[in-house]
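Read the structure below first, then the notes.
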Amino acid sequence: MDLKAFTWTRTPADYAIGDHMIQITTNPHTDLWQRTYYHFQNDNAPVFQMETDEKYFSFIVKTDFNESHHRFDQCGIVMYLDGENWLKASVEYENEDYQHLGSVATNHGYSDWATTAIDASVKSMWYRFSRREDDYCIECSYDGEHFSQMRICHMFKGDGKIRFGIYACSPEDSSFTAYFSHMQLTQCQWKAHDGQQPDEI
């Protein structure tokens, strides 16, 4: 991928961009979340994204987070449209026993969080982010070959030109370095639905 097409929304204090690797060192008290349940609004995580109006594509990246060590340390993929409309997926550190593999869809200023617990020994994860017009699919993989669906969702502001890429943050008083590699932009790997036909209007 041409990383020259990527730009920062909130540049981290410490980062490095190489030919095959991007690393981001998180600042403490950085996060993305809007309102739901906690009632607070956090919108200060750095994101590194490219822009496209292509309606059908997939974006693949491998994340390594061996240094994550504090509750909620996280890194992953993101589609950040604005402070109240975005989509992300990551592994969030919880404790020495388990972590949260999950995704958040935020529409019109309200976030949700869908998670599953995975062992704390997992220190890398692949993601595949796919677009079909204004609908989106996020998948994850332990090996970069076999992907499993995490979420299908609709984004109300995701029907035109979008921005997507990677992010890392540490919501509490922590900092760690996240590594991103094997970034690819491909034809849409999320196939058209071939089951029940749409309802006639």
Original post:
To the nearest whole percent, what portion of all C-alpha pairs in region 1-101 is separated by more than 17 angstrom?
Top reply: 58
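Would you work out the charge dipole size for the chain about its Cα centre, treating the Cβ of every Lys and Arg as +1 and the Cβ of every Asp and Glu as -1, and quote it to the nearest 20 debye?
360
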**OP:** Determine how large the accessible area of Met183 is when every protein chain is in place; take a 1.4 Å probe and give Å² rounded to the nearest 10.
**Re:** 30
Original post:
Taking region 67-165 on its own, what percent of its Cα-Cα pair distances exceed 16 Å?
Top reply: 55
**OP:** Leaving ligands, DNA and RNA out of it, rank Lys4, Lys191, Lys88, Lys62 by accessible area with a 1.4 Å probe, largest first.
**Re:** Lys4, Lys191, Lys62, Lys88
Original post:
Which whole-number value in Å² is the accessible area per residue of region 1-116, probe 1.4 Å?
Top reply: 47
Original post:
For the chain, which whole percent of the accessible surface, found with a 1.4 angstrom probe, sits on carbon and sulfur atoms?
Top reply: 46
**OP:** Under a cut-off of 29 Å between alpha-carbon atoms, report the lysines in cross-link reach of Lys55, not counting same-chain residues fewer than 8 places apart.
**Re:** Lys4, Lys88, Lys157, Lys161, Lys191
Original post:
Given the C-alpha centroids of region 119-161 and region 36-100, what is the distance between them in whole angstrom?
Top reply: 11
Subject >> Accessible surface of Trp126 - all protein chains present, 1.4 Å probe, nearest 10 Å² >> reply: 30
Original post:
With all protein chains present and a 1.4 Å probe, how do Leu185, Leu32, Leu81 order by accessible area, largest first?
Top reply: Leu185, Leu81, Leu32
**OP:** Over all directions, average the projected area of the Cα convex hull of the chain and note it in nm².
**Re:** 11.7
Original post:
Probe 1.4 Å, all protein chains in place: accessible area of Glu145 in Å², nearest 10?
Top reply: 140
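The values are calculated or read from the model by the stated rules, or taken from the named source; none is laboratory data. Everything numeric here is computed off the predicted structure, so don't read it as measured data. Heads up, the Cβs are rebuilt from the backbone with ideal geometry, glycines too, and the neighbour counts pull from every protein chain shown. Accessible surface areas use protein heavy atoms only, side chains included; no ligands, DNA or RNA. Shrake-Rupley method; radii C 1.70, N 1.55, O 1.52, S 1.80 Å.
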